[in-house]
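This report refers to the structure that appears directly beneath it.
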């Protein structure tokens, strides 16, 4: 194997590594900036692939000659393009935040396509320089292409599972900028027939990358604040905690509001008196099931709901399955929910909730509580569909209920009612089962009187005045509705299945969740 072929393989691998790594990084930014709406990944992937294709096509125009001088010029072009790609790719995160503030975060996607195209031009260029046009040309091209595939795969694995787990977005972007700088240096130096030492061009490429770092690095510091609040200066409202790992991004505001993947995911509060998160819906479990000894909870969120359920006077066992371990860090950092980690009645498992429930064939629960994310987010179908509800029904004990957050979705409400013989809407939750489901007021009152969370009542003062003031609202027709009524008024509404993604398609492609900026 010639020295020039080895050089081409290293360059192709580095280009694939940087390009695929940045793709993962960019999608994290877009997912956070839009709240993870269904079309975002498909649109972004289309833009990325179109950029790669256009870059490869334009590279063809540079590969028309086969002289030594042409090879040197092509190598220099490849180095210059790589330096430009590194700069555009590195600045893409802050640029997306700027577009989120002024228009829509997706408006930055053409710049992702530009960087992908610049990286995509490297493979055909180095292949043209290093592989002679002889009978072994196919073999040489296959080696270069294989190296590109290996680099791309390593980029996906290392960035997705290692760098984002330990380094976070900003430091990962910096690492990839260094990789791009090294690749540009290799290309500008050239090897064999493509030797192309050019001090002026090398200096210009280095200057572009240094300027990109100087401009972009400070703007990564409050990147997610800018994406969420849509303000030019994220430092005005910094997060109290920002937890990044390979599963996603969890942010906690100074006021105790939790955002998972750029979307509201709960508030740190278990008080009924100061109810900022409709926590009364968690206490309502006591009125919907008389004896919830074993409870399964899908999704941890802020931990507030789990804290309430864990302290139900009759609870014996609470199993929580959460896919993102970052929420455990939320528990550790906040007094309101910290004791949940050490509660002997509570087991927290990091796994996919539906997958875990499918494997737990012998388990039976009195209540299966699914307090998950908004119905319009990508992958929400997995915990709203008829298939999921059928699985949940198999895991219910006699007289058990599924208590499901519909987040206001008529599709989700109708799907829940269709899947069970009886049910009741409580606020934006559905309580459904295969026996009579009703809200028992006396059980709810007794529970509110008896509740103690870490030794404290959730009500400041006596429970009776609170009940007198709030029961008319809790028991109003706007808060309570039978499945019979829901089915009658939603005849034209589709039920959600694993195949139709009915709930996820409820918002337009350019929708993005915008959080209200803290005062």
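Read the figures in this text as sums done on the coordinates, not as results from a lab. Remember, predicted model here, so these are calculated numbers, not experimental data. Cβ sites come from the backbone with ideal geometry, for glycine too, and all protein chains shown count toward neighbours.
Quick notes on this one:
- Per-residue ellipticity at 222 nm computed for the chain from its helices equals -16500 deg cm²/dmol, with DSSP H segments shorter than 4 residues left out and the rest contributing -39,500 (n - 2.57).
- Label point distance in nm, residue 361-residue 49, each placed 7 Å from Cα along Cα→Cβ: 3.8 nm
- Rounded FRET efficiency, nearest 0.05, which uses the C-beta distance separating residue 58 from residue 210 and R0 of 25 Å: 0.45
- In nm, spacing of pseudo-spin labels at residue 421 and residue 398 (7 Å Cα→C-beta vector): 1.3 nm
- As a rough guide to protection, the peptides 459-465, 146-152, 132-138, 336-342 ranked by mean Cβ packing within 10 Å, highest first, stand as 146-152, 336-342, 459-465, 132-138.
- Bins of 20 Å, starting at 0 and running to the largest distance - Cα pair percent for the chain: 21, 44, 25, 10, 1
- Using R0 = 41 Å, the C-beta based FRET efficiency linking residue 146 and residue 391 works out to 0.45.
- Beta bridges assigned by DSSP with both partners in the chain are antiparallel in approximately 55 percent of cases.
- Share antiparallel - DSSP beta bridges, the range 265-506, percent rounded to 5: 40 percent
- Average Cα contact separation per residue, the chain, under 8 Å, 6 or more apart, as relative contact order %: 16 percent
- Separation of the range 135-187 from the range 437-463 is 57 Å, based on Cα centroids.
- Only Cα pairs under 8 Å and 6+ residues apart enter the sum, and on that basis the relative contact order of the range 357-437 stands at 30 percent.
- Helix 39-62 and the longest principal axis of the C-alpha atoms of the chain enclose an angle of approximately 0°.
- Taking each residue as 0.36 nm, the span from residue 69 to residue 156 lengthens on full extension beyond its C-alpha to C-alpha distance by 27.7 nm.
- Rounded Å value of the spacing that divides the Cα centres of the range 262-330 and the range 49-113: 48 Å
- Nearest 10 degrees, 0 to 90: helix 109-120 Cα axis against the chain principal axis: 40 degrees
- FRET E, pair residue 41, residue 101, Förster distance 22 Å, beta-carbon r, rounded to 0.05: 0.50
- Once the Cα atoms are used to define both axes, helix 441-450 deviates from the longest principal axis of the chain by about 80 degrees.
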